[in-house]
Each structure stands twice: as structure tokens, then as C-alpha cells.
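Quick notes on the structure that follows.
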Amino acid sequence: SRFLRGSIYEYISEQDGVHLPTLGEDHEVLDNLIVEDAMINSPFCLNSDLQVKMALRKVDQLPYSGYPILNKGRLLGMVSKKDIQTHFAKGNGHVSLEDMCRKTVIKVYPDQSLLMAFHKLKKYHVSRLPIVSRVNDKEIVGIITAEDIVNQFGYHIKEKEENQIKSP
């Protein structure tokens, strides 16, 4: 068996022809871009009192792999589609999302850099980060994934290259 250097995300992305940010200039670019520029506004959220079986019906056809859990409009935790499916398969369809979600939430703020968000995704091995208000860290304003960061990073690089071509 062969061990990979770096993240599995980096390896898979490189296979797909996607350049993930690396040290040096890439970090400088990501440090100058902010989360708000790449985040998904108004993410699909689930209510904390929803039972697993009902949550599974809601998320089964959705393209997302994870969801913020809200209690009275306030961020309570995060849950993955896989966790919902696993709980249901084990006969725990009656359990509320509040009782089974991860309540330790790694989050970012809209004004933080994409480098910070990318670092947190990698450090904590999570696929998405809720974005919360600086005024109230229980108020979710968006969500961001590594794909969102790479898309914004790629857009910025493309824009930079186009500007260099136009400039004599």
C-alpha cells in the first residue's frame, strides 16, 4: 500500500485537473480574498426538532452532503447526510436531529480570508463550514466548502491572467 503526502482532497483534485492552493503565491492570493466572496448565501438548514426519518426524506434528493441544524433560527450544530442515513439504518428514525448532530461547530466569519477557511477545512477534516455573523455567532449567514474556495480562487487567477494579457 502507498501513503499519500498531503490531503486526499489535494490528490483527488489534482487527478481531476483542479489546482488546489499551495504554499507561496497561492496563499497570498487566498489571504487577500474573503469568505463572503465565495460563500453560498442562505444555505439549506434543518430544524433541530426534526426526526431522523423526516430529515432523511428532506435531504435524500438534495445534492448537499451536510447541513446546519437550527434551533429557533439559531445555529445548534451540523449533520452530514451520511450520519442521517446511518441513524435511520440502525433503527433510530425517531431520534431528533438535536440529539444526534455534532454540536461542536467549526465556523468562520464573512470577513475572514479564504486562506483561514481553507486551513480550517483541512485542519478539522470537515467538508463544509457554516459562516456566522460577527455580531451573533449563532446566526448563520452562509456556508462554504473547499469547492467554493477553489472556484473563487480559480476565478481570481483567471481574472488576474486576463488582466496581465490586456496590459502591455
Just list whichever of Lys53/Lys103; Lys53/Lys122; Lys82/Lys123; Lys72/Lys107; Lys90/Lys120; Lys82/Lys107 have alpha carbons separated by over 27 Å in the model shown.
-> Lys53/Lys122; Lys90/Lys120
Computed from the mean reciprocal separation of all distinct C-alpha pairs, what Kirkwood hydrodynamic radius does the range 26-160 have, in Å?
-> 15.4
Could you check how much of the accessible area of the range 24-126 is carbon and sulfur, as a whole percent, using a 1.4 Å probe?
-> 49
Quote the FRET efficiency, to the nearest 0.05, computed for His125 versus Asp31 with a Förster distance R0 of 25 Å and r equal to the Cβ-Cβ distance.
-> 0.70
Mind checking the full-extension length gain between Gln85 and Thr104? Use 0.36 nm per residue of separation minus the Cα-Cα distance, one decimal, nm.
-> 4.8 nm
Asn151 versus Met116: modelled label distance in nm, points set 7 Å from Cα along the beta carbon direction = 2.3
Is the range 69-134 best put as rounded, prolate or oblate by its Cα gyration tensor, with a ≥ b ≥ c the root eigenvalues, rounded for a/c under 1.5, and otherwise prolate when a/b is larger than b/c, oblate when not?
-> oblate
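The values are calculated or read from the model by the stated rules, or taken from the named source; none is laboratory data. Keep in mind it's a predicted model, so treat the numbers as computed, not measured. Cβ: placed from backbone, ideal geometry, glycine included. Neighbour counts: every protein chain shown. Note: accessible area is taken over every heavy atom of the protein model, side chains too, but ligands, DNA and RNA are not part of it. Shrake-Rupley method; radii C 1.70, N 1.55, O 1.52, S 1.80 Å.
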